[in-house]
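Just so it is clear, none of the values below were taken in a lab; they were calculated from the coordinates. All of these numbers come straight from a predicted model, not from anything done at the bench. Methodologically, a virtual Cβ is constructed for each residue, glycine included, from the backbone with ideal geometry; neighbour enumeration extends over all protein chains shown.
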Amino acid sequence: MPLTVRVDQKTERLIQRLARKRGRSKSEVIRDAIDILAKRAQEQ
């Protein structure tokens, strides 16, 4: 399902760097981050 999220330039550059470094898309990097955050929230 498509979702639009607005981020500042610094965050955009970080996401781009992580995506390039891991050979993944920006969407995959963001989904991974959300999954990690959700798992941490469930542990609390």
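I'd like the orientation of helix 9-22 relative to the chain: the angle between its Cα long axis and the longest Cα principal axis, in ° from 0 to 90, rounded to 10. So the inclination is approximately 90 degrees. Put a plus charge on the Cβ of each Lys and Arg, a minus charge on the Cβ of each Asp and Glu, and nothing anywhere else: the dipole of the chain about its Cα centre is then about 280 debye.
Helix 26-43 and the longest principal axis of the C-alpha atoms of the chain enclose an angle of approximately 20°.
Per-residue ellipticity at 222 nm, computed for the chain from helices alone with -39500 (n - 2.57) per DSSP H run of at least four residues, works out to -24000 deg cm²/dmol.
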